[in-house]
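All remarks here apply to the structure that follows.
The values are calculated or read from the model by the stated rules, or taken from the named source; none is laboratory data. Predicted model, so just to flag it, every value in this text is computed and none were measured. In this analysis, Cβ positions are derived from the backbone assuming ideal geometry, glycine residues included, and neighbour counts consider all displayed protein chains. The area values use the complete protein model at the heavy-atom level, side chains included, leaving out ligands, DNA and RNA. Shrake-Rupley method; radii C 1.70, N 1.55, O 1.52, S 1.80 Å.
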Amino acid sequence: MSMIHQIFPAADAGPLSTEQLERLYAYPDDRLRLSVNFVSSADGAVEVAGSSAGLSTPPDRAVLDLGTDLADVVLVAAGTAAAEGFTGVKHNDRMDDRRRRFGLSELPSTAVVTSSGKSLDPSAPVLTDTVVPTIVLTCESVPADLRGRWADAGAEVVLTGDESVDLAVAVAALGERGLRRINCMGGPALFGSLAEAGLVDELRLTLAPFLVSGEAGRIARGAGMDPARLELVSVVTGDDTLLMRYRVREAPSS
């Protein structure tokens, strides 16, 4: 693991051990909790040449691994899964050890969100290259034959709306399956919709030490919403990278 230091809350000057970083990023309890992960350049870009990989640094990858390793399910939009080459989560020694120590199932599930079905080919690796069957969260308007081909590829197809995915229903469906630690890997439209629906508990944002310029988008995209107040939970740094955790504060009751 890269040398990572905690700068908020104030901590000892030395680098964090793997165990300390795990405790910092572990889900605090077994209630339904949705965290969103994003990396952004210093000037706000979320991708380079169509992928976030060009922005990632070793500390970002360490924290990204923690998000997956300690989750019950990885949630991703179909377009992001295609662009980033997602597969199902696979075994590795690091993950297996972590999940044993934290009392989790052998592997996290993967859940893919699509309202149109256009970005989710039945041969996509996120459906076919898996150990745990992928959950497809979709809606009635997607043609039945396409939904059938997803099922034939091994996916569990869950209808969560009529013309589009009802994200509150989708998140509840994951919780009903015991998948309460939800690690969302984007993309920006899914994050924007989840935020607008009040479903995000935590934002895990990496500020990467790059300038990109160009036309790259921002981490959230959607119809817009009243600003949601965030509470800074922790900041760690390494390799010129800032890694921040923000808790989304509940809106005050009227």
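One line per residue, one yes/no per condition, for (1) in a loop (DSSP other than H, G, I, E, B); (2) surrounded by fewer than 18 Cβ atoms within 10 Å (Cβ to Cβ); (3) modelled with pLDDT of 95 or more; (4) not basic (K, R):
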| position | (1), (2), (3), (4) |
| --- | --- |
| V76 | no, no, yes, yes |
| S115 | yes, no, yes, yes |
| E140 | yes, yes, yes, yes |
| W150 | no, no, yes, yes |
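Limited to the range 47-63, what total is found for residues that are touching a Ser or Thr at 6+ places or on another chain (Cβ under 7 Å) and either at pLDDT below 90 or at positive phi (or both)? Count: 0.
Taking G44, is it assigned to a loop (DSSP other than H, G, I, E, B), out of contact with any strand residue (DSSP E or B) (no Cβ under 7 Å at 6 or more places or on another chain), under 23 Å from E215 (Cβ atoms) and of a type in the set (G, A, S)? Break it down stepwise before answering.
Working: assigned to a loop (DSSP other than H, G, I, E, B): yes; out of contact with any strand residue (DSSP E or B) (no Cβ under 7 Å at 6 or more places or on another chain): yes; under 23 Å from E215 (Cβ atoms): yes; of a type in the set (G, A, S): yes.
Yes: the conditions hold for G44.
Residues in the range 207-222 that are in a loop (DSSP other than H, G, I, E, B) and either on the phi > 0 side of the Ramachandran plot or open to solvent by less than 100 Å² (accessible area, probe 1.4 Å) (or both): P209, F210, V212, S213, G214, A216, G217, I219, A220, G222.
For beta carbons closer than 7 Å, sequence separation of 6+ or different chains, a first residue in the range 172-184 that is more than 12 Å from A71 (Cα to Cα) and a second that is of a type outside the set (G, A, S) and surrounded by fewer than 23 Cβ atoms within 10 Å (Cβ to Cβ), the qualifying pairs are A173/V158; A173/T160; G175/L32. For the range 227-254, filtered to residues that are assigned to a loop (DSSP other than H, G, I, E, B), closer than 17 Å to E202 by Cα and not hydrophobic (A, V, I, L, M, F, W, C), the residue that is most open to solvent (accessible area, probe 1.4 Å) is E250. A62 - would you say it is in contact with a Phe, Trp or Tyr (Cβ under 8 Å, 6 or more places away or on another chain) and open to solvent by 10 Å² or more (accessible area, probe 1.4 Å)? Criteria not met by A62.
Residues of the range 177-187 being crowded, with 16+ Cβ neighbours inside 10 Å and assigned to a loop (DSSP other than H, G, I, E, B), which ones?
Filtering the range 177-187 down to residues crowded, with 16+ Cβ neighbours inside 10 Å leaves 179-187.
Answer for the range 177-187, where residues must be crowded, with 16+ Cβ neighbours inside 10 Å and assigned to a loop (DSSP other than H, G, I, E, B): L179, R180, M185, G186, G187.
If only one of G187, G192, G161, G198 is farther than 24 Å from V89 by Cβ and touching a Lys or Arg at 6+ places or on another chain (Cβ under 9 Å), which one is it? Reasoning before the result, please.
Details: G187 fails: farther than 24 Å from V89 by Cβ; G161 fails: touching a Lys or Arg at 6+ places or on another chain (Cβ under 9 Å); G198 fails: touching a Lys or Arg at 6+ places or on another chain (Cβ under 9 Å).
None of the other options fit; the residue is G192.
In the range 11-28, the residue that is surrounded by the fewest Cβ atoms within 10 Å (Cβ to Cβ) out of those that are part of a loop (DSSP other than H, G, I, E, B) and within 18 Å of the chain's Cα centre (by Cα) is P28.
May I ask you to list the residues in the range 78-112 that are in contact with a strand residue (DSSP E or B) (Cβ under 8 Å, 6 or more places away or on another chain), open to solvent by less than 20 Å² (accessible area, probe 1.4 Å) and either within 14 Å of G178 (Cα to Cα) or aliphatic (A, V, I, L, M) (or both)? Scanning the range 78-112 gives A78, A81, P108, S109, T110, A111, V112.
Could you please give the count of residues in the range 78-89 that are of a type in the set (S, T, Y) and modelled with pLDDT of 95 or more?
So the first thing to find is which residues in the range 78-89 are of a type in the set (S, T, Y), and the list is 80, 87.
From the residues that got through so far, the ones that are modelled with pLDDT of 95 or more too are 87.
Selection size over the range 78-89: 1.
Taking the listed residues L194, L203, L174, the one that is of a type in the set (A, V, I, L, M, F, W, C), open to solvent by less than 30 Å² (accessible area, probe 1.4 Å) and outside any helix (DSSP H, G or I) is L203, with no other qualifying.
Scan the range 55-77 for residues that are without any contact (Cβ under 8 Å) to a residue 60 or more places away in the chain and touching an Asp or Glu at 6+ places or on another chain (Cβ under 9 Å) and jot them down. Once the filter is applied, which keeps residues that are without any contact (Cβ under 8 Å) to a residue 60 or more places away in the chain and touching an Asp or Glu at 6+ places or on another chain (Cβ under 9 Å), the range 55-77 yields L66, D69.
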